[in-house]
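Just below is one structure, and these are the notes that go with it.
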Amino acid sequence: MKKLISMRMASHIILTINTMALLMHVLILLTILPYDFVWGGRLKRQEDAIIFEMVSILIQIVFISIITVKAGYLLKGKFKRTSNIGIWVIFGVMILNSIGNVVSHSFLETVVMTPVTILLALLVFRLAIEK
């Protein structure tokens, strides 16, 4: 896999996708985008969407931070072991998220987000195998 895509390219793609997801969650929180296509289409009230979107934003920030540390963009050379553990955790979350997207009640989430989370899982795996 190391020969297929460089760590740098994988990092750029992951950061781009996660930054766009972060923006999407902010737009949902601000009620600019509807909340019915996230969280499996199971949210029924705006109040629930606020709580869940705040959790999503926090998770996105943590993911982006871990990726930037692993890629060497932030705190270069520090927290290597912690970032490696974090990368494997993110990989596991992406696998579970892909499964969740497949069984989602939201057609948009199933059709659009399943391939995106599978791509992210593969890219995060690429970072995870980097020493």
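The values are calculated or read from the model by the stated rules, or taken from the named source; none is laboratory data. Predicted model, so just to flag it, every value in this text is computed and none were measured. FYI the Cβ positions are ideal-geometry reconstructions off the backbone, even for glycines, and counts take in every protein chain you see. Ligands, DNA and RNA are excluded from the accessible area calculation, which covers all protein heavy atoms including side chains. Shrake-Rupley method; radii C 1.70, N 1.55, O 1.52, S 1.80 Å.
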Contact list, first residue from the range 50-61 and under 18 Å from residue 92 (Cβ atoms), second anywhere and assigned to a helix (DSSP H, G or I) and not charged (D, E, K, R), beta-carbon distance below 7 Å, six or more apart or interchain, is 56/25; 60/18; 60/21; 60/22; 60/25
Of the conditions (1) farther than 21 Å from residue 106 by Cβ; (2) of a type in the set (S, T, N, Q); (3) over 17 Å from the mean Cα position of the chain (by Cα), residue 46 fails just one. Which one is it? (1)
Filtered residue count, the range 4-34, keeping only those that are touching a residue at least 12 places away in the same chain (Cβ under 8 Å), closer than 22 Å to residue 105 by Cβ and open to solvent by 50 Å² or more (accessible area, probe 1.4 Å): 2
